[in-house]
Structures are given as structure tokens and as C-alpha cells.
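The values are calculated or read from the model by the stated rules, or taken from the named source; none is laboratory data. Keep in mind it's a predicted model, so treat the numbers as computed, not measured. In this analysis, Cβ positions are derived from the backbone assuming ideal geometry, glycine residues included, and neighbour counts consider all displayed protein chains.
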Amino acid sequence: MPGYDYRCRDCGKRSVIYQSYQEYGVDPVACPHCGSSQLQRMIGRVRIAKSEDSRLEDLSDPSAWGDLDEQDPRSMGKMMRKMSRELGEDMPPEFDEVVDRLEAGEDPEQIEQDMPDLGGVDGDMGF
Ligand SMILES: [Zn+2]
């Protein structure tokens, strides 16, 4: 039975949940740590080398972001760029544009209004 990596949106813990192909995407999954059903499938994990696991743990812990200042668009842009590099994911073009605009010091809410499709990116970044 294959295991699927999930991250809990509520408690932030990562867990592997074993489901058959028939169950996957059909049966509801719950966080083993807090029971929440707000689990996010971690896509692309297979491409991440084992040695990077600890760095990912760091990234999923907001306190480890250190100098991140959510009130400062430049700080957010820098962090998002770093995060996408660490994850090694191919980000959509919109992501780059958002990061560019953040780093230029633009108001995140204004950017969000300009780009209504951004909801997904927001969620993935955990904001
Ligand atoms: Zn949880």
C-alpha cells in the first residue's frame, strides 16, 4: 500500500498516510496528531533528496524563518523566493511576478487584488 505525505494545515505536522489507490482521494484522511481533516498533500516530495528533509522541516516551522516580517513585502518576497528554491519546485509564472512585486515593496493585498488566481499560491505557502 503506498504512503502519501501530508502536511496538516492546523497543527503543521507532517505525516505519512497509507492508502490504497482505490482509497486515495476518495476516503477522507485525518491528521494522526490532532485529528484535523485539513490535510494538504505534499506534491513533489519524491524529488527531494533525503538530506534535505531537515531543511524542509525548518521551512515548515514559521519561527525558523527568522527575520521574516509579514508587514514587510520585501521580507516576504525574499522568504518566498528562498522557499521555492529550497523546495526545488517549478513555480508558476505568477509566483515569480508576485515575488518580484513583493521585493519591489508593493502592498501584498494590492498584488492579491490584481491576481485573483493567487489563492492557491497563498495556501501552499502557508500564509
Ligand atoms: Zn494536525
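Listed values, structure above:
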{"item": "Residues of region 55-109 satisfying the condition of being at pLDDT 80 or above, among the aliphatic types (A, V, I, L, M) and over 23 Å from residue 10 (Cα atoms)", "result": "98, 99, 102, 104"}
{"item": "Checklist (1) closer than 18 Å to residue 83 by Cβ; (2) surrounded by 14 or more Cβ atoms within 10 Å (Cβ to Cβ); (3) more than 16 Å from the ligand (Cβ to nearest atom); (4) at pLDDT 55 or above applied to residue 24, failing item", "result": "(1)"}
{"item": "Long-range neighbours under 8 Å by Cβ, at least six apart or interchain, first residue within 8 Å of residue 7 (Cα to Cα) and more than 7 Å from the ligand (Cβ to nearest atom) within region 28-42, second of a type outside the set (Lys, Arg) and in a loop (DSSP other than H, G, I, E, B)", "result": "39/29; 39/30; 39/31"}
{"item": "Contacts under 6 angstrom Cβ, first residue in region 13-26 being part of a strand (DSSP E or B), partner of a type outside the set (A, V, I, L, M) and within 13 Å of the ligand (Cβ to nearest atom), 6 or more apart", "result": "14/7; 15/6; 15/32; 17/6"}
{"item": "Selection count where residues are of a type outside the set (S, T, N, Q) and either assigned to a loop (DSSP other than H, G, I, E, B) or loosely packed, with under 13 Cβ neighbours inside 10 Å (or both), scope region 67-102", "result": "12"}
